[in-house]
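Student: One structure coming up, written as structure tokens, with questions to follow.
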Amino acid sequence: MDALANGLTTIMNNEMRNKRECIISPASKLLGRVLRIIQLNGYVGELEFIDDGRSGKFKVQLLGRINKCRAIRPRFPVRVDKFEEWEKKFLPSRDVGILVISTPKGVLSHREAKEKRIGGRLLAFVY
């Protein structure tokens, strides 16, 4: 069971139905960090963690800006000089969308990782 893939699929399904918010269950730390990156880049609005005594839930406000978001499986390793190849593979065009990457410095978008000159593993893409 992949909590990240389930969460991003839930967001996509609710976006396609023009919902204003969605509840993602189960929650995980990785999913929370990925949602934070998506929020910082302006694709979703307010995030709220709901503690239900089990694994928890995320309540996400949708803004209608996501065309597609998916988890990338398997989680490919990426070097700094290879980001453009992966952008061409997963994103529709230059400067549209983000790749979410797990690095030694935490979960970052591919633009932040380029600035900091660090590689990592691909987690997801959003545009």
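The values are calculated or read from the model by the stated rules, or taken from the named source; none is laboratory data. Being a predicted model, the structure only gives us computed values, none of them experimental. Here the Cβ positions follow ideal geometry from the backbone for every residue, glycine too, while neighbour counts run over all protein chains shown.
Student: Quick one: R70 ticks every box in (1) crowded, with 17+ Cβ neighbours inside 10 Å; (2) touching a helix residue (DSSP H, G or I) at 6+ places or on another chain (Cβ under 7 Å); (3) touching a residue at least 60 places away in the same chain (Cβ under 8 Å) except a single one, so which number is it?
Tutor: Failing condition for R70: (1).
Student: Filter region 73-96 for residues that are in contact with a helix residue (DSSP H, G or I) (Cβ under 8 Å, 6 or more places away or on another chain) and surrounded by 15 or more Cβ atoms within 10 Å (Cβ to Cβ) and give the result.
Tutor: Scanning region 73-96 gives V78, F83, W86, E87.
Student: On the given criteria, is V80 out of contact with any strand residue (DSSP E or B) (no Cβ under 9 Å at 6 or more places or on another chain), in contact (Cβ under 8 Å) with a residue 12 or more places away in the chain and among the β-branched types (V, I, T)?
Tutor: So V80 fits the description; yes.
Student: Across region 10-54, what is the number of residues that are small (G, A, S) and more than 25 Å from R121 (Cα to Cα)?
Tutor: Residues that pass the stated criteria total 2.
Student: Name every residue in region 50-76 that is over 16 Å from L8 (Cα atoms) and touching a Gly at 6+ places or on another chain (Cβ under 7 Å), in order of residue number.
Tutor: Across region 50-76, the qualifying residue is only I50.
Student: Do you know which residues across region 68-127 are within 22 Å of S28 (Cβ to Cβ) and of a type in the set (D, E)?
Tutor: Scanning region 68-127 gives a single hit, E112.
Student: Among the numbered criteria (1) of a type outside the set (F, W, Y); (2) assigned by TED's automatic domain parsing to the domain that holds R117; (3) in contact with a strand residue (DSSP E or B) (Cβ under 8 Å, 6 or more places away or on another chain), which one does E85 miss?
Tutor: (3)
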